[in-house]
Every structure is written in C-alpha cells, then in structure tokens.
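Right, one structure below, let's go through it.
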Amino acid sequence: SGEEYKSVGFHYQDEASQLIPYLLPIQPGWKIWDVCAAPGGKSAILSQRCGTSGRVIASDLKAERIRKLRQFLSIDGPRNTDLVLADASISAPFAHEFDAVLADVPCSGMGTLRRNPEIKWNFEPAQWTSLQVLQKSILHHASEAVRFGGSLLYSTCSTEPEENELVVKHFLHTHPGFCLTRPVCPPGIDKWTSADGMVRTFPSRHRWDGFFAALMIRCR
C-alpha cells in the first residue's frame with residue numbers, strides 16, 4: 001500500500017523529473033542552490049551527487065512547502081542540505097557564488113497531462129503571460145548566484161514554448177554573460193537533446209512526462 005511505501009522511504013518521481021538533476025556536471029564538494037525545491041526529489045538527488053563535502057541550499061516560497069521539504073529530506077536521515085524560506089522571483093536572501101543553480105520553475109504542468117488530465121480544463125491561455133513573467137524573473141535572480149564557470153539549469157514540466165524556449169531565448173539575449181551548453185551527462189543524454197542543445201522528454205517516448213531543460217554556463 002501507499003502507507004507501507006512511505007514507511008520504508010519510498011518516493012514516487014517520474015523518470016523525466018529524476019533526470020533533471022543529473023544534467024548538471026556536479027563534482028564532489030560543489031555548492032548548489034535548488035531554487036524552487038519542494039517537494040524535494042531533485043534536492044535529494046543533488047545532495048547525493050555533491051557528497052558530504054558539498055552543500056545544497058533548498059529554498060521555496062511558502063512555509064508549508066518548506067515543512068514538507070524538511071519532512072521529505074528527513075526520510076533517509078540527515079543530509080548536507082539547508083532549507084531557506086525565500087521568494088525566488090526577487091534577489092536571493094544570501095550572498096553566495098554557487099557552483100550550480102537549478103531553477104525548476106513553476107509552470108503550467110502541461111507535460112504531466114497523462115497523470116493530471118484536469119490541467120487542460122483548468123488552465124486558461126491568459127495565464128501564459130503571468131507565468132512567463134514569473135519564470136523570467138526567477139531565472140534572472142537565480143543567475144545572479146552562479147559563479148564564473150558555474151552552471152545554471154532551467155527546467156519545467158511543460159512542453160510549451162512560451163514557458164521553455166522563449167524564456168531561455170529572452171534570458172540569453174538579456175544576459176550575455178551566460179552561454180547555452182549541450183549537456184554531457186548523464187550517459188545517453190544525447191538521445192533526449194535536440195539540435196539546439198536543449199533537452200526535451202515526451203510522453204510518446206518511454207511513457208515519461210514531458211519535461212524541458214536548458215543548461216547554461218556563466219562564461220564571462
């Protein structure tokens with residue numbers, strides 16, 4: 001049963017969602033900021049990848065989401081993760097240059113329709129504008145925390161260009177210090193990477209959710 005799985009530390013996470021943290025070329029000892037971290041699946045993977053010598057800052061907007069994040073991350077015992085209540089759409093409440101920043105931003109969720117079919121009935125096209133404003137703001141403020149040579153990963157669980165390619169295109173145009181780079185990990189990622197260097201998964205392949213990701217480097 002679901003309760004039995006919870007009692008032994010099981011967590012349900014789509015393969016596409018699990019893929020996202022592995023797109024970052026993380027080394028042991030890295031300092032990483034997970035900008036919109038709840039419920040915590042990606043933070044847990046980041047924590048494992050950077051090792052005990054590294055550190056993950058996991059932040060989210062609401063206290064209730066931080067509570068759930070803390071509960072989730074405590075399943076397997078103490079982790080090298082600090083939790084911060086923060087609005088990612090404004091400047092970070094700490095001054096730190098991170099080796100990597102993950103901005104898995106709020107989105108329409110259109111890539112998860114096979115699991116959440118009600119989305120198509122509840123979503124209004126007018127919401128694209130406000131969502132895109134929020135996504136651009138989060139990506140901008142997240143980028144401020146990336147060190148020179150560090151990685152910035154933007155991702156959504158959406159297949160819509162308004163939330164994906166158009167946001168990244170705008171960011172690169174307004175932030176010339178960042179360069180789009182083709183992911184080299186995990187092994188086999190090339191089959192999910194398009195000619196433009198961005199990663200896309202689709203429910204039509206291997207029954208994964210539809211996710212989008214763009215990996216950028218602070219290059220100057």
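The values are calculated or read from the model by the stated rules, or taken from the named source; none is laboratory data. Remember, predicted model here, so these are calculated numbers, not experimental data. Neighbour counts are summed over all protein chains in view; Cβ atoms, including those assigned to glycine, are modelled from backbone coordinates with ideal geometry. These accessible areas exclude ligands, DNA and RNA; they are computed on the full protein's heavy atoms, side chains included. Shrake-Rupley method; radii C 1.70, N 1.55, O 1.52, S 1.80 Å.
Can you bin the stretch 75-181 into rounded, prolate or oblate? Criterion: square roots of the alpha carbon gyration tensor eigenvalues sorted a ≥ b ≥ c, rounded for a/c under 1.5, prolate for a/b above b/c, oblate for the rest.
Numbers: a/c = 2.02, a/b = 1.31, b/c = 1.55.
It is oblate, given that a/c is not under 1.5 and a/b is not larger than b/c.
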Using Cα-Cα distances under 8 Å and only pairs 6 or more residues apart, what relative contact order does the chain have, in percent? 21 percent
For the chain, what is the calculated [θ] at 222 nm in deg cm²/dmol (nearest 500), taking -39500 (n - 2.57) for each run of four or more DSSP H residues and dividing by its residue count? -8500 deg cm²/dmol
Within the set Lys136/Lys191; Lys120/Lys191; Lys62/Lys191, which residue pairs have Cα atoms separated by over 31 Å? Lys62/Lys191
Arrange the residues Thr174, Thr156, Thr129 by how much accessible surface each exposes, largest first, with a 1.4 angstrom probe. Thr129, Thr174, Thr156
Rounded to whole Å², per residue accessible area for the chain with a 1.4 Å probe reads 50 Å²
Any cysteines in the chain with zero other Cys Cβ atoms under 4.7 Å from their Cβ? List them, or say none. Cys36, Cys50, Cys107, Cys157, Cys185
When the chain is modelled as a GNM with alpha-carbon springs shorter than 10 Å, which of Thr112, Thr81, Thr52 fluctuates the most? Thr52
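Quantify, in whole percent, the carbon and sulfur part of the accessible surface of the stretch 118-220 (1.4 Å probe; protein heavy atoms only). Mind showing how you got there, number by number?
Working: 3100 of 5140 Å².
Carbon and sulfur: 60 percent of the exposed surface of the stretch 118-220.
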What's the carbon and sulfur percent of the stretch 43-85's accessible surface, probe 1.4 angstrom, rounded to a whole number? 52 percent
Rounded to two decimals, the Rg over Rh value of the chain from Cα coordinates and the Kirkwood Rh reads 0.94
Taking H as built 1.01 Å from N, whose amide H comes closer than 5 Å to the amide H of Val101, not counting residues under 5 places away? Trp33, Ser151, Leu152, Leu153
Longest to shortest principal axis, alpha-carbon extents of the stretch 57-99, angstrom: 31, 24, 11
